[in-house]
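The values are calculated or read from the model by the stated rules, or taken from the named source; none is laboratory data. Because the structure is a prediction, the values reported are computed rather than measured. Here the Cβ positions follow ideal geometry from the backbone for every residue, glycine too, while neighbour counts run over all protein chains shown.
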Amino acid sequence: MKRFSTSVSLLIILGVIYWSFADLKPSLNTSKNLSETDFSIDNALNHLKKISKEAHYVGSKEHKKVQNYIVSELQKMGFQTEIQTQTALNKKWFAATTAENIIAKLKGTGSKKALMLLTHYDSNPHSSLGASDAGSGVVTILEGLRAFIAKNETQKNDIVVLISDAEELGLLGAQAFVDAHSWTKDIGLILNFEARGSGGPSYMLMETNGKNSKLLSEFLATKPNFPAANSLMYSIYKELPNDTDLTVFRENANINGLNFAFIGDHFDYHTAQDSYDRLDRTSLLHQADYFTTSLNYFSNSDLTDLHSEEDFVYVNFPFIKLITYPFSWVFPMVAFCGILFLLLLFFGISLSKIDLKGVLKGFIPFLISLILCSGISFGLWELLLIIHPQYNDILHGFTYNGYHYIIAFVFLNLWLLFTIYKRTSKEEKSTNLLIAPIFFWLILNFIISNFLKGAGFFIIPLICALLILIIEIFLNLKEKSKRILYTILSIPTLYIFAPLIKIFPVGLGLKMLFVSAIFIVLIFGLMMLSFHQKKSFWTQKWSGFLALLFFGIATYNSGFSIDNKKPNSLVYVQNSDDKTAYFGTYDTTLDTYTKQVFTGDFTPGGIEDAATKSKYNTRFNSTKKTVYKGIPSSKIYTELDTIIGEKRFLELTLVPKRKVHKLEFITKNSLTLHQFKVNDVLVNNGKKYRLKNGTFLVYHLGNSDTEVTLSFAVNVIEKLEVIVNEISYDLLVNKNFNLKPRSVEMMPMPFVTNDAIIITKKLDL
């Protein structure tokens, strides 16, 4: 009967895990019985196919084509459109460009704050097709607006549409709008549609400078069918270098907003595989659901004041979609659980259901499990990077076989847990084993209550475990009944944490598998009485078998293919000062493409100044000296160079002699710039702009740029040593080179300057 009850418990667990994921996003509806006012995924996909044919980064020919297409579709719906052409600079990213934002407005009957619908249309340089990021956002807005307008109902609030430009370069389109457009002051709320992968559920992430209670209650009032959200995710999101356009509005204009973004299939992010075919249709439907419910509600609600005096914890919960409660409840709930835990210990010992010696022994397997599972998960992934060095070239850290690895590590950790408890736990009173994990959860929640209240929902598993402990102490139920009952009481724990075990390594890379391991140990400890068997652990054997099976599957799929392409890189660097030239590659594992250059002797490491780094701090891994091609560099005109008092005033204009996509300005020493301007746009509001040694400006040339002008003043005593890197993405088509193209199993490495010609030279100042 014990095996039967364990089997039933296992089925419940598997069912809840499936349920927890199924509730996060819709299934694909193939029904054709749609009215004119319904969102049509077919219409959306038709738009997507047209705008994601080729990479459409800022400055490319396709970028202008996509812009024209979006404008045309908005005009078909009756919108009067505007192209805002404005130079913008984001100091955080040292980035600037002349952005070309697509702007439109649907007038409402009221005079209160407007609702903004936001996404971006540029793709990441230079190879991403941008189907998910953020073609999915563009088509969600286009098709969603068509369906909304088809209702022929006039809404109360103005609806401002901003399809921003240059988001991928440093949120520059949003910066341009906030800095220079008069409509900024009219915006009360922003709905931003994004993607950081090509699949998975779309998570709601709030952006607010204040508290979140009003914003959260308004979001719930929209009645989304699949609200995927928790207060921990945004707490983590705020700490990551992955801001969205919405961040600019929050930081610079104090405007609240909601991000909707899916992050699954992260291996496609910013790559040539972010394509129409690979976009998960259910992820697009999830965005559509958010769009439809939010637009219907917010277009008629009062958006004048969404600022709050109180923060709320929120998380997905069985049957009620989202459970919410104030931050102010977090510590009292922890304190209550702490007192209840002490009382239960007292009664448990008094009733001989718990003994202190057994409790102390129960700490041994739990602590061993926590250390071994997290340590082995961390160390094993590092070992796998050595065994499979090609994984290091997937810079964001989530491999094509990443889902197989997640499953493999889950079962590996379960096998370790079953093994450890089988070998170290000889307790007659299984209740004793529950005390250690409850104690650790209590400590964890105490830390959360002081430092990370967004994770306040971690109290829910603790409450569930305390209920189990109450039953163990005060009720004498049959073993088989208890096992099933305890599993049922653990449903909220599984429902909440199963997606979290997956989301950390997906969103942050497989290096975070050790975090998932910690979650598994913590959850296993609380659910101990659903598993624990003194004599036989048949689940141990199955866990070990399944771990080996999925490690085998992951190993089998560790290579690359047409569908899962290998990223690689080649860059030509020409130093116009000393007339030398090099090839560089960011690859750790050379292949047939890179070996056409990197044969014989080559030098490990990078080139000072010319080896531009990514947000992952990626540098050249190898360089090789090559023939100097004498490719002409930009002409630099000194428009002004004068000394007034103790300051030297300069104005420089750079005019490219070829198609250039990016200019990097690097200082060799620390500087203080006064009245720094880029194309007449004042940087830092005219205040001192202190520069450290390194890159101080990356200017991306847009379609309207023919030259770039910098003007500034420096202290006379300061030495000016400035290097300019002039970058074009034409290495493979430039007539000076005869490079063989990549095979069909390869693609350009994302996040780095790639397929590029870099001309570096010192400014003669």
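Computed quantities for the displayed model
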item	result
Among (1) over 24 Å from Ile368 (Cα atoms); (2) in a helix (DSSP H, G or I); (3) hydroxyl-bearing (Ser, Thr, Tyr) - the single one Thr419 does not satisfy	(1)
Residue that is in a helix (DSSP H, G or I) and in the same structural domain as Ser127 (by TED's automatic domain parsing), where the choices are Val8, Val71	Val71
Single condition Ser633 does not satisfy, out of (1) buried (at least 17 other Cβ atoms within 10 Å of the Cβ); (2) within 20 Å of Glu721 (Cβ to Cβ); (3) touching a Phe, Trp or Tyr at 6+ places or on another chain (Cβ under 7 Å)	(3)
Single unsatisfied condition, Ala114 versus (1) under 22 Å from the mean Cα position of the chain (by Cα); (2) crowded, with 22+ Cβ neighbours inside 10 Å	(1)
Filter result for the condition that a residue is touching a residue at least 12 places away in the same chain (Cβ under 8 Å), surrounded by 24 or more Cβ atoms within 10 Å (Cβ to Cβ) and in a helix (DSSP H, G or I), over Ala288, Ala261	Ala288
Residue among Ile386, Ile368 that is modelled with pLDDT of 95 or more, touching a helix residue (DSSP H, G or I) at 6+ places or on another chain (Cβ under 6 Å) and surrounded by fewer than 18 Cβ atoms within 10 Å (Cβ to Cβ)	Ile368
Test: residue in segment 327-342 that is surrounded by fewer than 18 Cβ atoms within 10 Å (Cβ to Cβ) and either farther than 20 Å from Ile448 by Cβ or in contact with a Phe, Trp or Tyr (Cβ under 6 Å, 6 or more places away or on another chain) (or both)	no
Unmet criterion (only one of (1) hydroxyl-bearing (Ser, Thr, Tyr); (2) more than 18 Å from Leu442 (Cα to Cα); (3) assigned to a helix (DSSP H, G or I)) for Thr304	(3)
Out of Gly188, Gly200, sole residue that is in contact with a Leu (Cβ under 6 Å, 6 or more places away or on another chain), modelled with pLDDT of 95 or more and either among the small types (Gly, Ala, Ser) or buried (at least 24 other Cβ atoms within 10 Å of the Cβ) (or both)	Gly188
Total residues in segment 441-489, condition small (Gly, Ala, Ser), buried (at least 18 other Cβ atoms within 10 Å of the Cβ) and closer than 23 Å to Ile354 by Cα	1
Selection status of Tyr572, among the aromatic types (Phe, Trp, Tyr) and either at pLDDT 95 or above or under 30 Å from the mean Cα position of the chain (by Cα) (or both)	yes
Selection from segment 645-658 of residues that are exposed (fewer than 13 other Cβ atoms within 10 Å of the Cβ) and in contact (Cβ under 8 Å) with a residue 12 or more places away in the chain	Glu646, Lys657
Neighbours by Cβ (under 8 Å, 6+ apart or cross-chain): first from segment 330-353, assigned by TED's automatic domain parsing to the domain that holds Ser449 and without any contact (Cβ under 8 Å) to a residue 40 or more places away in the chain; second in a helix (DSSP H, G or I) and aliphatic (A, V, I, L, M)	Ile349/Leu356
